[in-house]
Amino acid sequence: MPFLCSKQFSDTSSRTHDLPRQPDAQLKALLLCLGCLFEVADRSSPACVAEAPEQLSKDALGTISRCRELCAQLRDQKPLALLQLMEFRARVMVRDPGLREVLRTTLQVPGITGNTLLHMADVCGTADVDTCCEALRMALRLFTSQPGNYPKIACTFRSLIVLQASREDAQIYFAEVLQILQGLPATQYPPLELQWLVATAFNNGIYYARVHDTARAEEWMGRAIALVKYHPDRAVLEPDLQKAYTELLGRKAKAAAASQTEQ
């Protein structure tokens, strides 16, 4: 049970006389304790973890602080990124109001990568969508600053789009993908992810056409056509999109002509 694990963890981490005297060995022992604590919490049901989240978080944060002191003493920066992730996880447990501030200081920590931020986003999940999206945007900045991270970039964009509250909120990410595609050699962006973007944009266009919002339908279908131009199977995919788009424009023109006739 997490409660027992937390109690054992608290006893172990607080009895400093039971820990190795050498700072490096002590650091390794405490990092192992932290890893075990989070592993047990991950494997337990949410109801079990909820029995003692405050104690779990408090014990973890105290040990993380001690680990950072040892890192400073040893001049060892390697564990700092892992400790930042662990602190974030410990604060998520109790919905700590300082969680966003911890996230915003993350890029200042040596060794932080886009993958670290993806883990942070995963820890938040849908329980804290705003913080999750902020972590994903930070990860995206790191991925786009280095060449060759296109699979990670694509997955991060998909996660951000899925988490948006509305189709309109997702527009900015489609625009960012297009901007990236314009500067890429052909086929560098993962084709399956690009096809998902095309399908999502096109389906949004179909939705707006059905509710008679022609302007938005035209925008979304236009995005789908702009995206498909970068797909390796463009010749196969584009004709159907163009046909639907042309039909939409035709209906728009007929509606405009009918409106003028009535006037």
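Elements of the type helices (runs of 4 or more DSSP H) sitting completely within the range 52-107 and holding at least 2 residues that are closer than 18 Å to Met138 by Cα and among the aliphatic types (A, V, I, L, M): these cover 80-93, 99-104. Taking the listed residues Ala135, Ala139, Ala127, Ala90, the one that is aliphatic (A, V, I, L, M) and farther than 22 Å from Phe38 by Cα is Ala139, with no other qualifying. Candidates are the residues of the range 152-185 that are within 20 Å of Asp128 (Cα to Cα) and among the β-branched types (Val, Ile, Thr); the one that is most open to solvent (accessible area, probe 1.4 Å) is Val162.
In the set (1) at negative phi; (2) modelled with pLDDT under 95, the condition left unmet by Leu163 is number (2). For the range 186-213, filtered to residues that are open to solvent by less than 30 Å² (accessible area, probe 1.4 Å) and among the aromatic types (Phe, Trp, Tyr), the residue that is farthest from Arg158 (Cα to Cα) is Tyr208. Just one of the numbered conditions (1) more than 21 Å from Ala127 (Cα to Cα); (2) crowded, with 19+ Cβ neighbours inside 10 Å; (3) modelled with pLDDT under 90 is not true of Arg15: (2).
Conditions tested, residue by residue: (1) surrounded by 14 or more Cβ atoms within 10 Å (Cβ to Cβ); (2) over 11 Å from Arg89 (Cα atoms); (3) modelled with pLDDT of 85 or more.
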| residue | (1), (2), (3) |
| --- | --- |
| Cys33 | yes, yes, yes |
| Phe38 | yes, no, no |
| Ala52 | yes, yes, no |
| Ala60 | yes, no, yes |
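The values are calculated or read from the model by the stated rules, or taken from the named source; none is laboratory data. This one's a predicted model, so the numbers in the text were calculated from it and none came from an experiment. Because the Cβ atoms are built from the backbone with ideal geometry, glycine has one as well, and the counts that use them run over all protein chains shown. To get the accessible areas, we keep the full protein, side chains included, count just its heavy atoms, and leave off ligands, DNA and RNA. Shrake-Rupley method; radii C 1.70, N 1.55, O 1.52, S 1.80 Å.
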